[in-house]
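Here the structure comes first, spelled out in structure tokens, and everything after it is commentary.
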Amino acid sequence: MEIKFKSAIICLLLSFCTLNFNDSFGQDASKQTDKNETGIAFEQALKNYEAYKQKEQDEVAKKLSFSLNRVSEEWIAQAEKNKEDLLGTRIKQNWEKLALFFPISPSHYEYYLRGYKYSVIRSDVAKSDSITSPYKATASIKEELYVEKNHSQGISDPAPYFYTVTTVYNLNFEYRQNKLELINSDSKITAIENTAPDEIKKRTL
């Protein structure tokens with residue numbers, strides 16, 4: 001389909017140029033009319049081609065949106081598997097360094113993983129200027145870790161020792177060889193709250 005559009009435009013362009021060349025040697029008014037008609041036909045063919053290309057890009061972007069959802073779900077599935085293996089264990093962290101920004105002790109404490117939750121909060125596919133990777137995609141995934149701060153055994157109410165640590169992961173993809181490839185990622189802790197879902201607290205009481 002695209003080849004036909006290009007061929008039509010090339011033929012019209014050649015005809016338009018030929019008419020311009022003949023007109024320079026004093027052709028009559030009928031030739032001028034033919035030239036105008038050819039110019040109009042060329043403009044219409046160009047508009048049709050541009051509309052076709054836009055439709056083609058929209059279809060690719062739609063297809064990539066589905067692919068982005070799939071790779072995001074795969075990333076989440078792997079993250080959930082990793083966290084499932086860590087349930088009940090101490091988490092490697094240095095959250096005390098964030099005590100100036102969040103309600104957490106400036107002293108180092110141990111925290112145990114009691115639960116987790118992942119969700120996609122943003123995803124986007126955009127056209128790029130690169131020939132090798134004509135499309136780029138991004139996905140932001142929120143991770144909520146439900147943790148329990150180390151405390152003495154046998155306390156009457158451990159609820160105040162539960163925290164929710166929220167981290168946002170930003171995944172950057174490029175469209176290469178008909179598939180999305182993860183190029184890089186970054187993460188940032190966006191919240192530490194002295195709370196957790198009731199079902200998490202009840203599970204450990």
Query - Residues Tyr135, Tyr112 arranged by fewest to most Cβ contacts within 10 Å - result: Tyr112, Tyr135
Query - Cleavage-rule hits (chymotrypsin sites (Phe, Trp or Tyr not before Pro)) in the range 69-106: DSSP loop, at most 16 neighbouring Cβ within 10 angstrom - result: Phe101
Report summary line: Of all trypsin sites (Lys or Arg not before Pro) in the range 92-158, the ones in DSSP coil with at most 13 other Cβ atoms within 10 Å are Lys92
Report summary line: Unit-weight point scatterers at every alpha-carbon of the range 56-205, Debye formula, q = 0.11 1/Å: log10 I(q)/I(0) is -0.54
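Values quoted throughout were computed directly from the atomic coordinates according to the rules given, and no laboratory measurement underlies them. Remember, predicted model here, so these are calculated numbers, not experimental data. Reconstructed Cβ throughout: ideal geometry from the backbone, glycine too, with neighbour counts over all protein chains shown.
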